[in-house]
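What follows is a set of notes on a single structure, which appears directly below.
FYI, it's all coordinate maths here, none of it is from the lab. Bear in mind that the values here come from a model prediction, so they are computed numbers and not experimental data. So basically every Cβ, Gly included, is an ideal-geometry build from the backbone, and we count neighbours across all protein chains shown.
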């Protein structure tokens, strides 16, 4: 049984704790957070602490705190030469203090406290600065997911940036659609099956092949009609930019 | 049993034919296309024709052709006072020739020949210019879907425009993500579960509430890092515009 200490109590930390708790190969030996209150409800299941000097010995320490806090927390760990990883897509392994063996354990998914997630379908991107640590890191990951991948810092940075496009920015497009429909008293709900199908389509087809619509067809009449309908200047700019981008991609 | 004639042989026509064929309440009595070859494989299942003067009598005629061809085709129909509808989200009922009773039968989904679709989950937006035609129109729709909605022309135009954002433009964001990951030799596939989860999230949560990410948090460090990573000027512009839009929406 691999022993893990989780540090932090945000969404990622909570989902990791839950996934590890349900696994057979990994045991969460201790959960640290600077505010004990956030994790107090778990005190009958796992040892909790808000005191770094009380940290117990474990095979791996997973730091799941905000990017800005990673370096400082790693410096304050009261031990050396143990395996310490963070869960950030944006930080590098070098952001961890070098007194310990360093790595990254980046689950590429959006987590919220409310929504349950099937962790077995969450890709975990792994990196270890020491080759010999990789096997352990991989064992910890495969305890909770079927999708693991060795990813270096540049690749992880690209994935994190790409994730902003497919998650944060895509969600903002949903928001724009919400505003457009609401303004005419039409139901945003009617778009929900289309939203799902659009996401499903690129599971098997490349986004290049899945592209359809007036921009790709260069249907000028519809494009003009749409630009006239849009009231917000920002939305008009967005429409124009994305239309131009589609036409660049598809050689119009 | 309601009898239907389908006119046209694009993706929507094919999917409608398939859905009606599987239904108990509607029978496709005839299928017209100007090129017989496209629908020839169906000749043992349904009467096919490329000759408008051969059109048979039916309860409803569904014109599923490209927007530009709707008006002309409706003018050339050799009968009057029958119920004729088109399937376009962009055209209005008035684009149909007024010699017949007019309406719209707009399935709000993306159709491709390759991908099978569960039509029972496709919202069909309905409009009839004559009140008395609505019941029939609704019966035809409920024969193949569980989601029907009365939608006027302005609402339909808004839905069609919003669909461009959640489908065509969202797919282009997937494409940008594909380019970003490929450029670093990272796997686009790792983003697929995130793409699904992003779409799933807004099934229950409003896009406003589902928004996360560096733009919403106003995480300037990450935004700066991302802009530096982006090589294409178009992608930079897109990143900036969507970031500004998220910050406007969330009061930053």
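For chain B, what is the relative contact order in percent, using Cα pairs closer than 8 Å and at least 6 residues apart in sequence? If you can, show how the numbers build up before the last one.
On the way: 347 pairs, mean separation 30.4, N = 252.
Relative contact order, chain B: 12 percent.
Taking 7 Å along the Cα-to-C-beta vector as the label spot, tell me the residue B:218-residue B:47 distance in nanometres, rounded to one decimal.
For residue B:218 paired with residue B:47, the spin-label model returns 6.9 nm.
What number, in percent, do you get for the relative contact order of the range A:107-252 if the mean sequence gap of Cα pairs under 8 Å and at least 6 apart is divided by its residue count?
15 percent
Any chance you could give the angle, 0 to 90 degrees and rounded to 10, that helix B:192-204 forms with the longest Cα principal axis of chain B?
70 degrees
To the nearest 0.05, what FRET efficiency results for residue A:34 and residue B:115 with a Förster distance of 45 Å applied to their C-beta separation? Working shown, then result.
On the way: r = 49 Å, r/R0 = 1.09.
It comes out at approximately 0.35.
Okay, helix-only estimate at 222 nm for the protein assembly as shown: each DSSP H run of n ≥ 4 adds -39500 (n - 2.57), divide by all residues, round to 500 deg cm²/dmol; what do you get?
-12000 deg cm²/dmol
Could you tell me what a quarter of the Cα convex hull surface of the range B:47-188 works out to, in nm² with one decimal place?
Averaged projected hull area, Cα only: 10.6 nm².
Quick one: A:234, B:15, fewest Cβ neighbours within 10 Å first, how do they rank?
A:234, B:15
For a paramagnetic label modelled at 7 Å from the Cα of residue B:94 toward its Cβ, which residues of the range B:124-153 fall within the zone defined by backbone nitrogen distances under 18 Å?
Under cut-off, by backbone N: B:127-131, B:151-153.
Relative to the other copies, what are the label-point distances for residue B:78, with labels 7 Å from Cα along the C-beta vector, expressed in nm at one decimal and sorted shortest first?
9.5
Over all residues in A:32-42, what is the mean tally of Cβ atoms on other chains that come within 10 Å of each residue's Cβ? If you can, show how the numbers build up before the last one.
Numbers: counts 0, 0, 0, 0, 0, 0, 0, 0, 0, 0, 0.
If you average over the peptide's residues, the count of other-chain Cβ atoms is 0.
Just the projected area, averaged over all directions, of the convex hull on the alpha carbon atoms of chain A: how many nm²?
Taking the Cα atoms of chain A, their convex hull projects to 16.5 nm² on average.
Would you tell me the mean number of C-beta atoms belonging to other protein chains that fall within 10 Å of each C-beta in A:59-68, as a whole number?
Mean partner shielding for this stretch: 1.
How many nanometers, to one decimal and shortest first, lie between the label point of residue A:250 and those of its other copies, if labels sit 7 Å from Cα toward Cβ?
Label point to label point, same position, other copies: 3.1 nm.
With 10 Å bins from zero, work out the P(r) of the range A:6-56 over every alpha carbon pair and list the percent per bin.
Taking all Cα pairs of the range A:6-56, the binned fractions are 27, 60, 13 percent.
Between B and A, which B residue has the Cβ nearest their rotation axis, distance in Å?
Closest to the rotation axis on chain B: B:199, 2.
Of A:86, A:235, B:160, how do they rank once you tally other Cβ atoms within 10 Å and put the fewest first?
Listing A:86, A:235, B:160 from fewest to most nearby Cβ atoms yields A:235, B:160, A:86.
Please work out the Kirkwood hydrodynamic radius for the protein assembly as shown, using every pair of different C-alpha atoms, and report it in angstroms with one decimal place.
Evaluated on the protein assembly as shown, it is 25.2 Å.
Could you work out which residue, out of B:50, B:189, B:59, moves most in a Gaussian network model of chain B, that is, has the largest mean-square fluctuation with Cα springs under 10 Å?
B:189
Who wins for biggest fluctuation among A:44, A:11, A:168 in a Gaussian network model of chain A, springs between alpha carbons below 10 Å?
For chain A, modelled as a Gaussian network with Cα springs under 10 Å, the answer is A:44.
Using a label position 7 Å from Cα in the Cα→Cβ direction, what is the ascending list of nm distances from residue B:224 to the same site in the other copies?
4.6
Taking each residue of A:227-236 in turn, how many C-beta atoms of other protein chains fall within 10 Å of its C-beta, and what is the average? Mind dumping the intermediate values first?
On the way: counts 1, 2, 6, 2, 0, 2, 0, 6, 3, 0.
Counting other chains' Cβ atoms within 10 Å and averaging over A:227-236 gives 2.
Could you state, as a whole-number percent, how many of the C-alpha pairs of the range B:156-249 are farther apart than 17 Å?
Values: 2675 of 4371 pairs.
In whole percent, the share of Cα-Cα pairs in the range B:156-249 beyond 17 Å is 61.
Given points 7 Å out from each Cα along the Cα-Cβ axis, report the residue A:204 to residue B:66 separation in nanometres with one decimal.
Once both label points are built, they end up 2.7 nm from each other.
With a 10 Å cut-off between alpha carbons and a GNM built on chain A, which of A:223, A:180, A:60 moves the most?
A:223
Express the C-alpha Rg of the range B:14-110 as a ratio against the empirical globular expectation 2.2 N^0.38 Å, rounded to two decimals.
The range B:14-110 yields a ratio of 1.04.
Compute the acute angle (0 to 90°) between the alpha-carbon long axis of helix B:220-229 and the principal axis of greatest extent of the alpha-carbon atoms of chain B; round to the nearest 10°.
70 degrees
Report, to the nearest 10°, how far helix B:153-163 tilts away from the longest principal axis of the Cα atoms in chain B, using its own Cα long axis and a range of 0 to 90°.
50 degrees
How many nm separate the modelled label positions at residue B:2 and residue A:130, each set 7 Å beyond the Cα in the direction of the Cβ?
7.1 nm
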